[in-house]
Amino acid sequence: MDIKYTPKNIKELLGSDDSINDLADWLNDYETNATKNRNDKAKKQKKSKKTITEYTEDTEDSSYLESDRPLKKKSPDKCSCAIITGEHGVGKTTMVNTVLKELKYNIKYVNISKETNGNKNLEHLLDSILNHDTLYNIKTISNSKSKKVIVIDDIQSYGTHIERKFVKDLMKENSIIWYCPIIFIASNKHKKFITDVKKDSYQISMYVPEYDVMSKLLERVCLGENMLFEDERVFNKILDISQNDFNKLLVIMNELHRLFGTDEITNKYIDKYISHTEKKDEELAIYDCARNLFCSYKGINNTLKSIENDKTNMLLMMQQYHISIVNNYSKNKDNILNDIEDISINLSHADVIDNYIFSDQNWKLQDTHGFYSCVYPSYKLSKITHIDKLSHDMFYPSKYSSKFKLTYPKDQNKTSTRCINYKNVKISKELFKDMSVDDYMIVINIISEYINSNNIKEIKKIIEQYNIPYYLISHILKIDKMTGTKKDTFNIMEKKIKIMEKNIINKKNKKNQ
C-alpha cells in the first residue's frame, strides 16, 4: 500500500510546501552557482598569492568582536550540499525522491556503512563516488549530459570515526569541485556530527504534518481501497493513533484493509484494534526533553521513559540548570539554599550509582539512577518553582531570544579534567610560583574582564609589566572549567588572544623593516 500511494509528482506531495520549493530552487540553480563559485575561488587563489593580510591599530577591537558573532546559516548559492532534517515519518525521503525524479535527476543512493565496511582506502572511496564511470554505471543513463545527484539517508546513525570522516571529506571535496548536488537526510536528533554537516550545507527543515494534511492522505487511501467507516469518530481515532506519521498511517490502513476489506469499520472494532496497538516511542530532541523535565513533571514512569534515550545528557542538563532555575523561579526565596542542597544531594547519589552500574555491570540500577538524577529533581522543581513563568520564559522569545535559553550540556565531570588542569598549572608555574587555586581564579577573572571589554591597552600593560608569554595566557584560562558551562567564553577569549598575538607580531615586523 505504501508504494501505491507514494507521490508520483510534486503536486501530489502533502505538506511542507516551503521545503519542497526550497529544494527545487536550490537544484535548479545548482549549475549556475557551481560555475560562479568555481570562478570566485580561482580569483581568490590568484589574489592570495599577491596580497598579505595587514593588521592595524584601528581594526584590533573590531577583529575581536568578529569572533563573538554567532554563525549564520549559509546562503543556498554558496552550498554544494544540502541537508534535509525532520522527525521520523514526516516524509523527508519521499519528498527528496519525488522532487529529484520530477527534475529528471539520476539518483545515486550511497550507504556509507557499506561503502566503508572493511579496511578500504578513504581516498579510493571518495574517488569512486565522485567518478562518473564507477558511480553512475546505471542502465537509465543514456548520455553524459544527464543530471546527477548523490543522496545519503539516515546520517544520524553514523557513529564510527571512518563514517563521519568519509562524509566530511566528501563534503570538502564537493565544495571545491562542485561535481554534483549531494543531499543528506537526517532526523532532528541532536548530534555534534549533524551540527557540523549543517554548518557547510543548505539547511531545509521539514515539520510534523498537521491534522488537515494527515486527513488528505487518509481520504486518498479510503477512496482508493473503498474502505467504509461507521462515522467520523472512526476517522478521527485512526488519525490520533497515527501520531502525525505518514508511514504509520499507511501501515495502520494496510492492516485494517487486510482485516476488514470493504466491510464497514465500527467504533467497537477500531477501539479493540487500538487497545492492541502500541504508540510509537517519541524521540524528543534534547531541548524538548529538558523543557519537559524542568516544566512538566508527569510521574515516575513517564519521566523515566522520556529520558531513556539520552540519560547522560539529561543528567548533565539537570546539573547545569537546577541552581539557576531555583534562584530565579523559586516560590520561597528564603528556602533557596535548602532546595538547591536537596537537589544536589540527589544528583550526587546518582553519580555514585552510575559508578556502581558501570564498574559492577549492574544494569538493574539504571532506573534507580534515573530516579535520583532526573525524576526526583523534576518533581522537586515542580513543587518549589513558578512553573508557568519558567515555561513561558523558555518557550516564548523576548526581543532576540528566549529569556531562559537552554544550551547543549557541558560535562563538568570529565575523567581527564584533573590531568588537563595538572598540565595547565604545571606550565603556568613557569611564571606564577606558589599560587593557590584562589590566586589563579583571581588572575583568570582579571584577564577575562579585560578581554570581554576589549580593553586591549590594559592587557598589553599587564603582559609587558610581568613579561607574560602569550601562550601562557591560554593555559591560565584553561584552568577555569566552570565559566564555559554558562557561555563559551573560553573559545572566544582564545580567538581574541590569537588575533592579538598576530597583531603585535606584525607590528614588530613592520618596525624592523
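Every number in this text was worked out from the coordinates using simple rules, so none of it is lab data. Keep in mind the model is a prediction, meaning the values are calculated, not measured. In this analysis, Cβ positions are derived from the backbone assuming ideal geometry, glycine residues included, and neighbour counts consider all displayed protein chains.
Values as computed for the structure displayed
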| read-out | value |
| --- | --- |
| Nitroxide proxy distance, nm - points 7 Å out along Cα→Cβ at LYS108 and ASN445 | 5.9 nm |
| Interchain or long-range residues, amide H under 5 Å from VAL149's placed H | ASN106, LYS108 |
| Label point distance in nm, LYS433-LYS511, each placed 7 Å from Cα along Cα→Cβ | 2.9 nm |
| Residues in the stretch 293-310 reached by a label modelled at TRP363 [backbone nitrogen below 19 Å; 7 Å Cα→Cβ] | 304-310 |
| Residues whose placed amide H lies under 5 Å from that of TYR202, excluding near-sequence neighbours | CYS81, ALA82, ILE83 |
| Potential lengthening between SER275 and GLU232 on full extension [0.36 nm per residue; Cα-Cα distance subtracted] | 13.6 nm |
| Phi-based couplings in Hz for the stretch 446-451 (Karplus 6.51, -1.76, 1.60; Gly and Pro marked x) | 5, 5, 4, 4, 5, 5 |
| Chain lengthening between ILE300 and SER382 when straightened (0.36 nm per residue, less Cα-Cα) | 28.2 nm |
| Phi-based couplings in Hz for the stretch 173-180 (Karplus 6.51, -1.76, 1.60; Gly and Pro marked x) | 5, 6, 5, 8, 9, 6, 5, 6 |
| Lysine pair number, Cα distance threshold 22 Å (strictly under), the stretch 233-363, separation 8 or more or different chains | 20 |
| Fully extended contour minus Cα-Cα distance, from LYS165 to LYS11, at 0.36 nm per residue | 51.7 nm |
| Inter-site label distance for TYR466 and LYS268 at 7 Å from Cα along Cβ, in nm | 8.5 nm |
